[in-house]
Amino acid sequence: MIQLVDVRKTFDDGKVVLKGISTVFESGKTNLIIGQSGSGKTVLMKCIVGLFEPTAGQILYHDRDFVSMGKHERMLLRREMGMIFQSAALFDSLSVLENVMFPLDMFSADSYKERRRRAQFCLDRVNLADAGEKFPGEISGGMQKRVAIARAIALNPKYLFCDEPNSGLDPKTSLVIDGLIHSITREFGTTTIINTHDMNSVMGIGEHIIYIYEGYKEWEGTKDEVMGSDNEKLNSFIFASDLFRKVKAANS
Amino acid sequence: MILSSYLHALGRYLMLMGRVFSVPEKFVMYWRQYVKEMIKLGLDSIVIVLIVSFFIGAVICIQIKMNIESAWMPHWVSGYVTREIMLLEFSSSIMCLILSGKVGSNIATEIGTMRVTQQIDALEIMGVNSASYLILPKIAGMITMMPLLVILSTVSGILGAYAAAYIGHILTPAHLTEGLQYDFHPWFFWMGVVKSLFFAFIITSVPAYYGYRVEGGSVEVGKASTDAVVASSMIVLFSDIFLTRLLS
Ligand SMILES: Nc1ncnc2c1ncn2[C@@H]1O[C@H](COP(=O)(O)OP(=O)(O)OP(=O)(O)O)[C@@H](O)[C@H]1O
Ligand SMILES: [Mg+2]
């Protein structure tokens, strides 16, 4: 469980991006953060994992406050985190298998054989069993995302962060990735937070959704509530797509 | 204004070095990187060091012989001057200046690219001390390989001088040998090595600092790479003066 208490972020140049966000992300659920491009989703996620320091507020990981933690404590807590970046961020000097093995090599006391088996298992999990010897530059964007997922889950993280896991992917691959993240979350009781503006993901795996608008949490709910909401700002975001407008018309 | 921005940069550099020199999470992983860096920064620089030193050695010998030596000077002067220049300045300082171009741009670009493609963030999220993992093996690797490069440079320079004697017939090899052996202080050799160790630290840590703090994209990485080479060359030059005064 991760709890945000009035998280604010103002940049040095005076730009106010987050204006007080409070919510609870529960374990074993896929938590979605949605909002327009530039609304502050990435900034919020970076504040949660500590790549940005929030200007004010608390971020509680199972009641441990991340913001006031010392460097060393943070480093230990981070070993329980996995993150998939908007750009995959694979280590391009390492092969796919070595990428997935990296966190294991760094932190696991297992033998080489066991670490390798674990990495291979994670690659199987994302349907990339045969790509282990390739380098990140030699595989497609969708495959890179999947390798990033494999690397993020190698150490069985308690917390999983995904910044737009579907951006730039075709709808079918997106579905596969959403399904993967969802089943991992279920299986291991992971606290999963996903940034997205992909409505298919929202309708598919939106067990808990928060909608960010101009730095505020404008709306919060589940995928079953999102279509029927009468929040104007949320509706203008969701029904920007013609398709969803038609779906809504057909439903009512 | 300018002074305060330099002081800020110095402060940030020192803070980064504070993070670099910390206890490794897992020694084996650092060792693996260390070996890689010794090969990439050290072994892969040998060819350029040999070539440059060979020609400079030859040219110094020829210049001294043709332009400085006169009837009243002893015939060992060319060999003597060649040896002293190679030992005291070229094989340590000037060679590091040349290497700062090669090694410096390599390091700044590599780390800068990792920064803008979020690979450094990925390391941090895993709970790895990215500064230490990426930079410490480079500094240690270069410092380890530097004495070897200095020795090879000196040897290659002297071979260059012999080439001038045997192939160019500029002076007799016997005179050259006599000059090379005349009034030899072993300390001069060690002084070159000691200086080069400092420079090895500078030409790896300064570009690493520039690469590590890149923000933006490929344009900024390119700029960081240029800035890194300029800054580390300057610092090598300035510190050369102080080190030379200190060690002489
Ligand atoms: N380092 C920074 N310094 C100053 N402003 C920043 C910084 N990073 C982000 N911002 C600003 O914060 C705002 C939110 O950016 P953010 O990247 O969080 O958007 P986003 O919701 O993730 O958008 P997208 O869906 O396009 O990824 C933007 O207006 C951006 O200009
Ligand atoms: Mg974003």
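The values are calculated or read from the model by the stated rules, or taken from the named source; none is laboratory data. Not measured: the values here are computed from a predicted model. As a convention, Cβ positions derive from the backbone with ideal geometry for all residues, glycine included, and neighbour counts pool all protein chains shown.
Based on what the data block shows, is B:Gly104 at pLDDT 95 or above and either within 17 Å of the chain's Cα centre (by Cα) or more than 14 Å from chain A (Cβ to nearest Cβ) (or both)?
yes
Could you check, for segment B:135-142, whether at least one of its residues is closer than 30 Å to A:Val43 by Cβ and either more than 14 Å from every other protein chain (Cβ to nearest Cβ) or modelled with pLDDT under 95 (or both)?
yes
Can you name every residue in segment A:15-56 that is free of Cβ contacts under 8 Å to residues at least 60 places away in the same chain and more than 9 Å from ligand 1 (Cβ to nearest atom)? Give the steps one after another, and end with the answer.
The initial filter retains those residues of segment A:15-56 that are free of Cβ contacts under 8 Å to residues at least 60 places away in the same chain, namely A:15, A:24, A:38, A:43, A:46-47, A:50-56.
Selection gives A:Val24, A:Cys47, A:Gly50, A:Leu51, A:Glu53, A:Pro54, A:Thr55, A:Ala56.
Need a quick list: strands (runs of 3 or more DSSP E) entirely within segment A:123-220 having at least 1 residues that are within 14 Å of chain B (Cβ to nearest Cβ).
A:159-163, A:191-196
Restricting to strands (runs of 3 or more DSSP E) lying wholly in segment A:1-93: which have 3 or more residues that are over 17 Å from the mean Cα position of the chain (by Cα)?
Passing ranges, in order: A:2-10, A:16-25, A:56-61.
Tell me which residues, restricted to segment A:10-50, are within 14 Å of another protein chain (Cβ to nearest Cβ), charged (D, E, K, R) and within 13 Å of ligand 2 (Cβ to nearest atom).
A:Lys46
Which one of these does B:Trp187 not meet: (1) assigned to a helix (DSSP H, G or I); (2) modelled with pLDDT of 95 or more?
For B:Trp187, the exception is condition (2).
Suppose we keep only residues that are touching a residue at least 12 places away in the same chain (Cβ under 8 Å) and among the basic types (Lys, Arg) within segment A:80-120. Which one would you say is nearest to the other protein chains (Cβ to nearest Cβ)?
Ranking the candidates gives A:Arg115 first.
For segment B:113-123, what are the residues that are within 7 Å of chain A (Cβ to nearest Cβ) and either among the hydrophobic types (A, V, I, L, M, F, W, C) or part of a helix (DSSP H, G or I) (or both)? Can you show your working first?
Initially, segment B:113-123 is screened for residues within 7 Å of chain A (Cβ to nearest Cβ), giving B:117-119, B:121-122.
Once the filter is applied, which keeps residues that are within 7 Å of chain A (Cβ to nearest Cβ) and either among the hydrophobic types (A, V, I, L, M, F, W, C) or part of a helix (DSSP H, G or I) (or both), segment B:113-123 yields B:Gln119, B:Asp121, B:Ala122.
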